């Protein structure tokens with residue numbers, strides 16, 4: 001096996017593990033907890049790029065779906081019926097988009113990392129919010145207005161997510177040269 005392939009395998013495993021750990025570093029909130037998963041997902045895409053970032057997240061999701069308790073409330077195939085599973089699906093797209101975006105920038109400035117992470121962040125909510133609404137209202141039979149959904153599952157997270165994006169952008173810019181040298 002080539003040195004590059006081994007390095008990529010190790011990096012994917014490392015980021016999958018970080019995302020798992022991020023699920024357990026959480027602050028319970030109204031309907032959706034605040035976790036460090038998003039932070040590690042974005043960092044994964046920014047450092048590893050689109051392909052390896054997506055693979056890292058896919059490994060994390062598969063580990064959870066086969067039953068390992070790596071999601072914030074456990075694991076198993078039944079987790080797809082949790083309203084928050086849409087955010088987890090969005091993680092894969094977020095790593096893919098943030099990785100793809102940063103790969104397109106010729107100059108890797110803090111702001112190119114920030115913009116790439118912001119695009120990835122948007123992907124999480126583009127998938128997560130509709131999924132949450134459908135599972136919450138149809139499967140669980142509960143009522144929630146679109147306004148309450150946006151307030152409790154998106155808007156309240158903007159400050160913490162902007163901080164996470166800022167930190168992930170800084171770390172990615174600093175760590176990416178070292179990862180490339182290994």
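Each row is one residue, and each column tells you yes or no for (1) farther than 18 Å from residue 180 by Cα; (2) assigned to a loop (DSSP other than H, G, I, E, B); (3) under 11 Å from the mean Cα position of the chain (by Cα); (4) without any contact (Cβ under 8 Å) to a residue 40 or more places away in the chain.
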{"position": "46", "(1), (2), (3), (4)": "no, no, no, no"}
{"position": "49", "(1), (2), (3), (4)": "no, no, no, no"}
{"position": "52", "(1), (2), (3), (4)": "no, no, no, no"}
{"position": "59", "(1), (2), (3), (4)": "yes, no, no, no"}
{"position": "78", "(1), (2), (3), (4)": "yes, no, no, yes"}
{"position": "87", "(1), (2), (3), (4)": "yes, no, yes, no"}
{"position": "93", "(1), (2), (3), (4)": "yes, no, yes, yes"}
- request: Report whether or not residue 17 is farther than 23 Å from residue 174 by Cβ and in a helix (DSSP H, G or I).
  value: no
field: Positions within the stretch 140-157 being assigned to a helix (DSSP H, G or I), modelled with pLDDT of 95 or more and in contact with a helix residue (DSSP H, G or I) (Cβ under 7 Å, 6 or more places away or on another chain), in sequence order
entry: 149
message: Looking only at the stretch 1-44, filter to residues that are in contact (Cβ under 8 Å) with a residue 60 or more places away in the chain and within 14 Å of residue 97 (Cα to Cα); which one of those is surrounded by the fewest Cβ atoms within 10 Å (Cβ to Cβ)?
response: 38
- request: Any chance you could count how many residues in the stretch 103-121 are within 26 Å of residue 64 (Cβ to Cβ) and buried (at least 24 other Cβ atoms within 10 Å of the Cβ)?
  value: 4
- request: Within the stretch 68-78, identify whether any single residue is in contact with a helix residue (DSSP H, G or I) (Cβ under 8 Å, 6 or more places away or on another chain) and under 29 Å from residue 173 (Cβ atoms), and answer yes or no.
  value: yes
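The values are calculated or read from the model by the stated rules, or taken from the named source; none is laboratory data. This one's a predicted model, so the numbers in the text were calculated from it and none came from an experiment. Please note: Cβ atoms are built from the backbone with ideal geometry, for glycine as well, and neighbour counts cover all protein chains shown.
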